[in-house]
Amino acid sequence: MSRESISVFDMFKIGIGPSSSHTLGPWRAALRFLDSVKTKFALQNVTKVKVLLYGSLAKTGKGHGTDVAVILGLCGEDPVTFDVNEVNPRIDSIGHNKLMNLGGEKNIVFDPKEEVVFLMTESLPFHPNALTFLCTLGDGTEIAETYYSIGGGFVVKEGEENSANVNNDLPFPIEKSSDLLHWCIKSGLSISDVVLENEQAWRSEDATKKGVLNIWHVMRDCIYRGCHISGVLPGGLNVTRRAATLNKRLLNGRSYNNYEEWLLAIRSGGSGFQYTLDWVSCFALAVNEENAAFGRVVTAPTNGAAGVIPAVLQYFVAFCDGLDDEKILQFMLTASEIGSIFKKGATISAAMGGCQAEIGVSSAMAAAGLTSVLGGTVRQCLMAAEIAMEHHLGLTCDPIGGLVQVPCIERNTMGSIKAITASQLALQSNPDHARVSLDNVVNTMWETALDMNYKYKETAEGGLATNIPISLSEC
C-alpha cells in the first residue's frame, strides 16, 4: 500500500508572505510550469502567457498577493531567496513597462491587469485553490496546465493528485497518531528521534539537523525583525503594526544591539505571568505582521498561521532557558510530525477546512513540540496536540478584505497561548484517562471541514469579512 511521505522540510518551508496557499503555492506552481515548458519546448519560443485564477485564489487573491506571486514565479525568482524589498519595485516595473522577463531568459509583452485573470464565479472540483497557466508559442502551439495549491505551500498538478511524494521505504511509516505511538513504543525512541530516522530517506542526519536549525534561524530573525518595525500594514485596511510598540514598552528602556542581547534583556524583566503572556503575544504579532507585509517567513504549517510555532518556541527559549540546539531540533521535529498527521488525515488548507486547518493545526504542532522539550512522554505530546486542536474545532476563515490581517494576526497570539496551555494541561495529566485521542480529533476536524459552509473557507464572503464596512475594491 502506498503511503504519503512528508518531510520536516515539507511542513516548514521558507518563503514570502502573506499566504502559503495563495502566495507561496501559486509561486511554486509558476516555477513548475516554467520547468514544464523548458522541458517540452523552450522559453525562447514563448510569445504569450496568461494565468487564470479560480475559486478562493480569485476571491481573495488580490489581498493575498496571488497575482504578485505568479508573476514573480514566471520571472523565475525563488521565494526562498528573492529579496523581499524588491517585491513591489519589480511588480511596479512590470506593470509600468508591460514587459516580463520570462524565466530570466526572454522578454515578453505582459500586462498584469490583462494576463492575470480573477475568475470570481468559477471553481474547479478538485480543490478551491486552482490556477491554470496558458502559454502560446511562436508557431501557434498552445499549452495549458492546471495546478492546485492545496495548503502549506504544497502544490499538485492536475492528473498527478495521487502521485505526489509517495515513498514506501521509510523505516517508520506513519499515517495516524496511533502509528506514531506504535513505533515509539516498539522502538523506544522519542517522536523527534523517529522523525529523524525517517528523514534519512531523503538526506543525512547532519543535513537534516543543519536544515532544521536554519529554519529556526529564519523564524527567529523574523520575530526580531517584526519587533522592530512600526507603521501601517499594506493593503488598505490601515492596520497598525503593534509588535514594535509592545516590544519597546515591555523592555522599559533596556538596551541591546542584537538578538542575543535582546534575549538577555527580555529575561531580565522576570517571568511573571502577565509579562510572559505579553511577550508570547508580541512574538506572534511580530511574525504575522511581517507576513502581512510580504516579509520572509516560514510556513508552519501555513503562512497565515506562521506565528504560532515561532512564538511558542521563542517562549521556550526565553522563559524556559531553552536556547539549546538539541532542544530546538526536538521541538521542531516533534511539531512537524503532528502537522503531517493532520495533513494526511484532514487538511492544512483554510480553503478546504477554515482556520481550524491553519491556526488549529499550528497550535497542535506547537503544543506537542513544547510538551516534548519540557519532558513530556510520547502520550503526553499527543494529548497536548489533541487538546490544542479540540479547542479550535470549527474555527472559520473569514479574512476582512481578503487580507491576511484581521482576524489572522491576532489569531496567532491566541493559538500560541492555547498551545502553551494545552502543553501544561497534558504535562499535568495522565493520558490513560483521556477520553479523546489525537486521531479522534483529526477525524472530527475533517468532518467539521466538510460540513462547514463554503463562505467560511477563505472566500471573504462570510463572517467578519461581510460585517466590517470595507469592500475588496478598497484593498
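If you check Glu105, Glu4 for being within 30 Å of Pro310 (Cα to Cα), surrounded by fewer than 20 Cβ atoms within 10 Å (Cβ to Cβ), among the acidic types (Asp, Glu) and in contact (Cβ under 8 Å) with a residue 40 or more places away in the chain, only one passes: Glu4.
Could you list, in sequence order, the residues of the range 365-381 that are in a helix (DSSP H, G or I) and without any contact (Cβ under 8 Å) to a residue 60 or more places away in the chain?
Ala366, Ala367, Leu370, Thr371, Val373, Gln380
Conditions (1) over 27 Å from Phe331 (Cβ atoms); (2) loosely packed, with under 15 Cβ neighbours inside 10 Å, marked per residue:
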residue: Cys135; (1), (2): yes, no
residue: Gly140; (1), (2): yes, yes
residue: Pro173; (1), (2): no, no
residue: His182; (1), (2): no, yes
residue: Lys209; (1), (2): no, no
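Of all residues in the range 63-98, those satisfying the criterion of being surrounded by 14 or more Cβ atoms within 10 Å (Cβ to Cβ) and of a type in the set (A, V, I, L, M, F, W, C) are Val68, Ala69, Val70, Ile71, Leu72, Leu74, Cys75, Phe82, Val84, Val87, Ile91, Ile94.
Can we say Ser163 is modelled with pLDDT of 95 or more and of a type in the set (S, T, N, Q)? No, not satisfied. The residues of the range 269-294 that are surrounded by 23 or more Cβ atoms within 10 Å (Cβ to Cβ) and not hydrophobic (A, V, I, L, M, F, W, C), listed by number, are Asn288, Glu289, Glu290, Asn291. Among the residues in the range 304-322, are any modelled with pLDDT of 95 or more, hydroxyl-bearing (Ser, Thr, Tyr), buried (at least 21 other Cβ atoms within 10 Å of the Cβ) and within 13 Å of Ile417 (Cα to Cα)? Among the residues of the range 304-322, at least one is modelled with pLDDT of 95 or more, hydroxyl-bearing (Ser, Thr, Tyr), buried (at least 21 other Cβ atoms within 10 Å of the Cβ) and within 13 Å of Ile417 (Cα to Cα), which makes the answer yes.
The number of residues in the range 10-36 that are under 15 Å from Leu131 (Cβ atoms) and not basic (Lys, Arg) comes to 15. Just a yes or no: is a residue in the range 199-220 in contact with a Lys or Arg (Cβ under 7 Å, 6 or more places away or on another chain) and without any contact (Cβ under 8 Å) to a residue 24 or more places away in the chain? Checking the range 199-220: not a single residue is in contact with a Lys or Arg (Cβ under 7 Å, 6 or more places away or on another chain) and without any contact (Cβ under 8 Å) to a residue 24 or more places away in the chain. Identification of helices (runs of 4 or more DSSP H) wholly contained in the range 212-317 with 2 or more residues that are in contact with a strand residue (DSSP E or B) (Cβ under 7 Å, 6 or more places away or on another chain), hydroxyl-bearing (Ser, Thr, Tyr) and outside the structural domain of Gly402 (by TED's automatic domain parsing) yields no element. For Asn252, the conditions (1) in contact with a Leu (Cβ under 9 Å, 6 or more places away or on another chain); (2) surrounded by fewer than 24 Cβ atoms within 10 Å (Cβ to Cβ); (3) more than 27 Å from Ile400 (Cβ to Cβ) all hold with the exception of (1). Screening the range 381-420 for residues that are farther than 25 Å from Glu447 by Cα and of a type in the set (S, T, N, Q) and picking the one that is surrounded by the most Cβ atoms within 10 Å (Cβ to Cβ) gives Gln405.
The values are calculated or read from the model by the stated rules, or taken from the named source; none is laboratory data. In this text the structure is predicted, and so the values were computed from the model without any measurement. Don't worry about glycine lacking a Cβ; one is built from the backbone with ideal geometry, like all the others, and counts go over all protein chains shown.
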